[in-house]
Amino acid sequence: MADVEGYPGWTEQEAARVDSLALGDGVWTPPLPRDAASVVLLRDGEPGLEVFMLRRVATMAFAAGMHVFPGGAIEPTDAEVPTAGRVDDAVLDARTWSDRGRAVVVAAARETFEECGVLLAVDAAGRPAAHDDALEDERAALLRDETPFADVLARRGLVVDDSALVPFAHWVTPEIEDRRFDARFLVAVQPDGQEARHVGGEAERSAWWNPAAALTAYAEGRMPMWPPQLAVMRFLARFAAADDAVAAARGVTVVPRMPESYRDAQGGMGVRLVHARTREVLAEATYDDYGTDG
């Protein structure tokens, strides 16, 4: 298969790891990936569909300077946070390829609140959360580990809106990397009355991007993205409105994809996409169309 754009070459260390994995000599043992959730937050803007992106701080040890969606690792306490219960556990588990799909959804909601201030939660009547100054204070306290996410919700009579977060893509970091994530991507529409904003932390800049404009910026070298984010952008570029994109995401067959480096018959570099659970080579997937729809 053709090399995957975004992985233009190996360092000597990476080549040695590829060879070690091929030989099975145990010199390189891939780190276990951490379960993670990443939220593709959408709105209908002036140019049409827009998605909220963060540019990570250039000095970060991981993904420095890259454009990413809000997200992070799933925490043990995420399983204890109540949700609206609008989506069956079996559906969430199947779409997240896990036995804790509900925790994945909670982690996605928590990370969205922490990283851009949008709270994807509803009250007992199904009304979305409303933002105010007191909620912003609670967000800051959550980031300082001074209050649990469950308590933030309970004080306002809220639960995570599991129907608002739709798992639609799944990527696993290559085995040759030092830091690895088993990352589920969930799409959601920004609720009325709330506005994503730049809150600092691990991001040096935040902005809403039209997917087509983001793809142009990537092609011109102005917006570095890794293959998962680029694939999501290509998926979103098909749609003019946020609701259309979410409706399409609900129909996606989610496949956990992992770029796998290998040496070809001539000893050169190759990168192919494999099913992260079965190791089946996704032979139908070229870089321009593998995206998120299986």
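Here is how the numbers come out for the structure above:
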quantity	calculated
Max mean-square fluctuation residue, GNM over the chain, Cα-Cα springs under 10 Å, options Ala219, Ala276, Ala231	Ala219
Relative contact order of the chain, defined on C-alpha pairs under 8 angstrom at six or more residues apart (%)	26 percent
Selected from Ala124, Ala248, Ala94 as most flexible by GNM, with the chain as the system and alpha-carbon contacts under 10 Å	Ala124
Size of charge dipole - the stretch 32-254 - debye, nearest 20, with Cβ of Lys, Arg +1 and Asp, Glu -1, no other charges	620 debye
Evaluated at q = 0.07, 0.13, 0.16 Å⁻¹: base-10 log I(q)/I(0), Debye formula over Cα of the chain	-0.26, -0.91, -1.35
0 to 90° range, to nearest 10: angle between helix 12-23 axis and the chain longest Cα axis	80 degrees
Extension reserve of the Ala207-Ala141 stretch, reckoned as 0.36 nm per residue once the Cα distance is removed	21.4 nm
Ascending count of other beta-carbon atoms within 10 Å, so fewest first, for Asp25, Asp93	Asp25, Asp93
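Read the figures in this text as sums done on the coordinates, not as results from a lab. Bear in mind that the values here come from a model prediction, so they are computed numbers and not experimental data. Methodologically, a virtual Cβ is constructed for each residue, glycine included, from the backbone with ideal geometry; neighbour enumeration extends over all protein chains shown.
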